[in-house]
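The values are calculated or read from the model by the stated rules, or taken from the named source; none is laboratory data. Predicted model, so just to flag it, every value in this text is computed and none were measured. Because the Cβ atoms are built from the backbone with ideal geometry, glycine has one as well, and the counts that use them run over all protein chains shown.
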Amino acid sequence: MLATTVSSKILRAIALKEGFNFEETLPGFKWIGSRVKDLVDSGKEVLFAFEESIGFMCGTSVLDKDGVSAAVVVAEMAAWLDTKGQTLAHQLTEIYKTYGYHISKTSYFLCYDPPTIQRIFERLRNFDMPDSYPTSCGTYAILHVRDVTTGYDSSQLKKKSVLPVSKNSQMITFTFQNGCVATLRTSGTEPKIKYYAEMCAPPGQRWGENAFPVHRA
């Protein structure tokens, strides 16, 4: 199963518990579709892929987001749950209980001046000194930084991102010590700086206990 790197990490949490392979790609279904084709060509079976902006791929008949097949799968699941006296809402609650409550915050800032956007990201790359990134955001310590624009990833042994370098766009991901993951990126079609933040509570812990740090950060 696959998801874009700015999408919810809940599929990764399910993969870790259930034992199937999970991969992340750059944002955009073109990256998912291309990677799925490579996996299928190498003999792998891909069951599902999704992206944050409400795009789902169920199976490999269509190597793109397909709302028709996704609607059919959801309807089938709803019918099956109904035979057990359950609803989709009940199933979602069970997923959270089993794999952890995931809290996401996604939005954007408008900026109509490209040089200003460039300066913002260059400031993040040269924070306290040249070639240095922030080590904290407010009271929250930053554990790792991944900069897909330059190919840097502090979490990797050789400090190189496993995702393809994308020099034509800006994207920096911060992983915090408390488990929160936040990404800043530019839009390829709109004058926006987008941000995506998510935190996962351990299975059995209520989501509200972690919601405040995500919104505050």
Q: State which residue is farthest from LEU11 (Cα to Cα) when the search covers only the range 64-109 and only residues that are touching a residue at least 24 places away in the same chain (Cβ under 8 Å) and assigned to a helix (DSSP H, G or I).
A: LYS97
**Q.** Every pair of residues 6+ apart whose Cβ atoms lie under 7 Å, when the first sits in the range 21-39 and is farther than 23 Å from ILE172 by Cα while the second is assigned to a helix (DSSP H, G or I)
**A.** ASN21/ALA15
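For every residue, the table says whether it meets (1) modelled with pLDDT of 95 or more; (2) touching a helix residue (DSSP H, G or I) at 6+ places or on another chain (Cβ under 9 Å).
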{"position": "ARG125", "(1), (2)": "yes, no"}
{"position": "THR135", "(1), (2)": "yes, no"}
{"position": "GLY151", "(1), (2)": "yes, no"}
{"position": "PRO164", "(1), (2)": "no, yes"}
{"position": "GLN177", "(1), (2)": "no, no"}
{"position": "TYR195", "(1), (2)": "yes, no"}
{"position": "TRP207", "(1), (2)": "no, yes"}
{"position": "PHE212", "(1), (2)": "no, no"}
Q.
Can you report the number of residues in the range 164-177 which are touching a strand residue (DSSP E or B) at 6+ places or on another chain (Cβ under 6 Å) and either over 17 Å from LEU124 (Cα atoms) or in a loop (DSSP other than H, G, I, E, B) (or both)?
A. 3
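Please go through the range 125-163 and give me each residue that is polar (S, T, N, Q), exposed (fewer than 14 other Cβ atoms within 10 Å of the Cβ) and in a loop (DSSP other than H, G, I, E, B), ordered by number. Reasoning before the result, please.
So the first thing to find is which residues in the range 125-163 are polar (S, T, N, Q), and the list is 126, 132, 135-136, 139, 149-150, 154-156, 161.
With the extra rule that they be exposed (fewer than 14 other Cβ atoms within 10 Å of the Cβ), the set shrinks to 126, 132, 135-136, 139, 155-156.
THR135, THR139, SER155, GLN156, listed by residue number.
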Q. Looking at (1) at pLDDT 95 or above; (2) within 26 Å of GLY33 (Cα to Cα), which is the one condition that is false for HIS102?
A. (1)
Q: Test PHE109 against the stated conditions and say whether it is aromatic (Phe, Trp, Tyr) and either exposed (fewer than 12 other Cβ atoms within 10 Å of the Cβ) or within 22 Å of ALA182 (Cα to Cα) (or both).
A: yes
